[in-house]
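Chemist: Questions regarding the structure given below will be posed in turn.
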Amino acid sequence: MYIYDSVKKEKREFIPLKEGKVSLYVCGPTVYDDAHLGHAKSALVFDLLTRVLRANGYDVTYARNITDIDDKIIKKAQDQQKEIKEITDFYTDSFHAEMAALGVKRPDIEPKATESLEAMFAMTQKLIDTDHAYRTEEGDVYFDTASDSEYLSLSHRVQDEDERQERVVSSSLKRNPADFALWKSVKDDSITFDSPFGKGRPGWHLECSAMIEKHLATDDAPYAIDIHGGGADLLFPHHENEAAQTRCSSNHALANYWMHNGFVNINGEKMSKSLGNSFFLKDALKEYDGEVLRFYLLSTHYRSNFNFNTEDLSTAKKRLDKIYRLKKRLFGLAVNREKTEFQEQLLKLLSDDMNISAALALIDEMITVANETLDTAGKHKLLKRETIANLAYIEELLGFGVKNPYEYFQFGVDDATKEKLAALIAQRDAAKKEKNFEESDRLRDAILAFGVNLMDTPAGTFWEKV
RNA sequence: GGUGCCAUCGCCAAGUGGUAAGGCCGCAGCCUGCAAAGCUGCUAUCCCCAGUUCAAAUCUGGGUGGCACCUCCA
């Protein structure tokens, strides 16, 4: 297994801290709004990673947090006059539902900030005790970046001279502009949490470090966890700060490997609230099968920036369709788990920093060979058995082709339409039988008008939603 | 301004020193009553310039063009 380490900036052979085991932590969503395609990309990438690691025999513990304390959440709660929990539960539930639609498996651990406050207090206290953090007159607790000689070693940033020299600006009582909050004191009567440092809210960066210590870290290793992942934008400052907190409050560095997934843009532009081009998953899932979105978002290497557009999406669907059509040809035959050369090669390609393009090329090749053989020698027992095993392997490793192939091709078609189509097809079959091709072609046009494709096969006539 | 990433067929996209994967689109053909699906065949010398090398898309230097991050952000 090889992984590109985005901190060391090179592809490295993956060697776990503990033989046979992998601890993985990924920064999850802040649940104050609906998830967009970027959240989906990140979740999909690390879902694939865990599948590949497990296929390689590793015992993986995968944690992805839910940030349920945040100024934006609090603001929304205040605006809508709701309890903070009402907001976070709502968006957490929809996040889970949408991830399920994408075939993203639930992480083993899903820690929430609200359930990890004690761990955050402990870490903050430790940092204060060791002079890596300080309290201001206003009651805030800041991490003292100057106290960490390795600060910025993660993102390889060079601290600006002016920035370093800059003195405390107006309201802030920070010693250094780069210092970040571990605990933000809140004096008004808005939503706060009690802590040994007074009423307030925890800093965002603190949450991940504390959760990792609480749920995943092993003390006798040089790193708390094997792999830390997240979106490319999190490297600085979020991960930099996380790493600093952990380094200064424990006897280990945070993570041995760092993985950052590329961004999803819409028509060449970054998704953002201000541009008004955020593409929410809930909207995408109304129009497209979750598995099509999964296939599309995973079809480009995880580190590349991804330019979402509907043309490429439909191209991706056509590629996924091929898997399902082959599945249709073998529908009803007994599933088996026979090991094949193809499976070995597929895993090898995905184990090379998740080379999805090479993996998909291999799959297409397998499909073509299978179709070709089925065309010419329909009774090929061994090939059928192996192909079924290969498709099952693709389902497990990549999560592609997991649905019933007939239902897959009926996405978004209501029952009334299905009945109409069935009736029209029956009429057309009858006309064909009488060799009344004028009538059968007329009926075909009527069927195609429903936005479906028609295909005559030895097993009968079937339609597919285009 | 600082730091970093990228530039491969009409589109998407692998390959990172040994002579260009795959998908979509297109064209021709097989199959089909005709289609659809499936199959076969055809389609690029890798942004520009210079260099290193027996050999470069792949390394080095210089251009040009795009993008990201710089303390809200997957």
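The values are calculated or read from the model by the stated rules, or taken from the named source; none is laboratory data. Computed from a predicted model, the values in this text were never measured in an experiment. Cβ atoms come from the backbone with ideal geometry, glycine included; neighbour counts cover every protein chain shown. The accessibility values were calculated without ligands, DNA or RNA, using every heavy atom of the protein model including side chains. Shrake-Rupley method; radii C 1.70, N 1.55, O 1.52, S 1.80 Å.
Yes/no matrix, rows are residues, columns are (1) open to solvent by 10 Å² or more (accessible area, probe 1.4 Å); (2) in contact with a Ser or Thr (Cβ under 9 Å, 6 or more places away or on another chain); (3) hydroxyl-bearing (Ser, Thr, Tyr):
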residue	(1), (2), (3)
A:LYS9	yes, no, no
A:LYS21	yes, yes, no
A:LEU24	no, yes, no
A:GLY28	yes, yes, no
A:ASP33	yes, yes, no
A:HIS36	yes, yes, no
A:LYS41	no, no, no
A:LEU44	no, no, no
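Chemist: Please state which one of A:LYS105, A:LYS112 is under 30 Å from A:LYS286 (Cα atoms), within 14 Å of the chain's Cα centre (by Cα) and assigned by TED's automatic domain parsing to the domain that holds A:SER209.
Modeler: Working: A:LYS112 fails: within 14 Å of the chain's Cα centre (by Cα).
When all the criteria are applied, what remains is A:LYS105.
Chemist: Would you point out which residue out of A:SER304, A:SER299 is farther than 20 Å from A:GLY103 by Cα, near RNA strand B (Cβ under 7 Å from one of its atoms), in contact (Cβ under 8 Å) with a residue 24 or more places away in the chain and in the same structural domain as A:LEU382 (by TED's automatic domain parsing)?
Modeler: Details: A:SER299 fails: farther than 20 Å from A:GLY103 by Cα.
Matching residue, one of A:SER304, A:SER299: A:SER304.
Chemist: Being over 15 Å from A:LEU216 (Cβ atoms), of a type in the set (Ser, Thr, Tyr) and over 30 Å from the mean Cα position of the chain (by Cα) is the requirement here; does A:THR130 meet it? Spell out how you get there, then give the answer.
Modeler: Working: over 15 Å from A:LEU216 (Cβ atoms): yes; of a type in the set (Ser, Thr, Tyr): yes; over 30 Å from the mean Cα position of the chain (by Cα): yes.
For A:THR130, the condition - over 15 Å from A:LEU216 (Cβ atoms), of a type in the set (Ser, Thr, Tyr) and over 30 Å from the mean Cα position of the chain (by Cα) - is met.
Chemist: Considering only residues that are more than 17 Å from A:ASP321 (Cβ to Cβ) and outside any helix (DSSP H, G or I), look in the range A:375-405 and name the one that is farthest from RNA strand B (Cβ to nearest atom).
Modeler: Checking each candidate, the answer is A:LYS379.
Chemist: With the structure loaded, tell me whether A:ARG319 is within 26 Å of A:GLY460 (Cα to Cα), modelled with pLDDT of 95 or more, touching a strand residue (DSSP E or B) at 6+ places or on another chain (Cβ under 9 Å) and within 14 Å of RNA strand B (Cβ to nearest atom) or whether it fails that test.
Modeler: Working: within 26 Å of A:GLY460 (Cα to Cα): yes; modelled with pLDDT of 95 or more: yes; touching a strand residue (DSSP E or B) at 6+ places or on another chain (Cβ under 9 Å): no; within 14 Å of RNA strand B (Cβ to nearest atom): yes.
Answer is no for this residue.
Chemist: How do the pairs read when you match residues in the range A:367-394 that are of a type in the set (Asp, Glu) with residues anywhere that are open to solvent by 20 Å² or more (accessible area, probe 1.4 Å), using Cβ under 7 Å and keeping only pairs 6 or more apart or on different chains?
Modeler: From the range A:367-394, the pairs are A:GLU386/A:GLU338.
Chemist: Would a scan of the range A:359-369 turn up a residue that is outside the structural domain of A:PHE46 (by TED's automatic domain parsing) and over 26 Å from A:ASN453 (Cα atoms)?
Modeler: Looking through the range A:359-369, at least one residue is outside the structural domain of A:PHE46 (by TED's automatic domain parsing) and over 26 Å from A:ASN453 (Cα atoms).
Chemist: Among the numbered criteria (1) farther than 18 Å from A:TYR288 by Cα; (2) assigned by TED's automatic domain parsing to the domain that holds A:ARG294, which one does A:THR461 miss?
Modeler: Condition not satisfied by A:THR461: (2).
Chemist: Which condition number in (1) more than 7 Å from RNA strand B (Cβ to nearest atom); (2) more than 22 Å from A:PRO458 (Cα to Cα); (3) of a type in the set (Lys, Arg) is the one that A:ARG329 fails?
Modeler: Single failed check for A:ARG329: (2).
Chemist: Could you check how many residues of the range A:196-212 are more than 28 Å from the chain's Cα centre (by Cα), open to solvent by less than 20 Å² (accessible area, probe 1.4 Å) and over 20 Å from A:LYS76 (Cβ atoms)? Full working, then the answer.
Modeler: In the first step, residues of the range A:196-212 are kept if they are more than 28 Å from the chain's Cα centre (by Cα); the result is A:196-200.
Next, from what is left, pick out any that are open to solvent by less than 20 Å² (accessible area, probe 1.4 Å): A:197, A:200.
Imposing the further condition that a residue be over 20 Å from A:LYS76 (Cβ atoms) reduces the set to A:197.
Matching residues across the range A:196-212 total 1.
Chemist: Pull up the range A:332-357, narrow it to residues that are away from RNA strand B (no atom under 12 Å from the Cβ) and crowded, with 19+ Cβ neighbours inside 10 Å, then point me to the one that is farthest from A:GLY231 (Cα to Cα).
Modeler: A:PHE342
Chemist: Take the residues of the range A:406-422 that are of a type in the set (Phe, Trp, Tyr) and surrounded by 15 or more Cβ atoms within 10 Å (Cβ to Cβ): which is farthest from A:TYR324 (Cα to Cα)?
Modeler: Taking the range A:406-422 as the starting set, the residues that turn out to be of a type in the set (Phe, Trp, Tyr) are A:406, A:408-409, A:411.
So of that shortlist, the ones also surrounded by 15 or more Cβ atoms within 10 Å (Cβ to Cβ) come out as A:408-409, A:411.
Values: A:TYR408: 8, A:PHE409: 8, A:PHE411: 13 Å.
Ranking the candidates gives A:PHE411 first.
Chemist: Looking at (1) more than 21 Å from A:GLY229 (Cβ to Cβ); (2) within 11 Å of RNA strand B (Cβ to nearest atom); (3) touching a residue at least 60 places away in the same chain (Cβ under 8 Å), can you tell me which one A:ILE84 breaks?
Modeler: Of the numbered conditions (1) more than 21 Å from A:GLY229 (Cβ to Cβ); (2) within 11 Å of RNA strand B (Cβ to nearest atom); (3) touching a residue at least 60 places away in the same chain (Cβ under 8 Å), the odd one out for A:ILE84 is (2).
Chemist: Restricting to the range A:2-26, name every residue that is at pLDDT below 95 and assigned to a loop (DSSP other than H, G, I, E, B).
Modeler: A:SER6, A:VAL7, A:LYS8, A:LYS9
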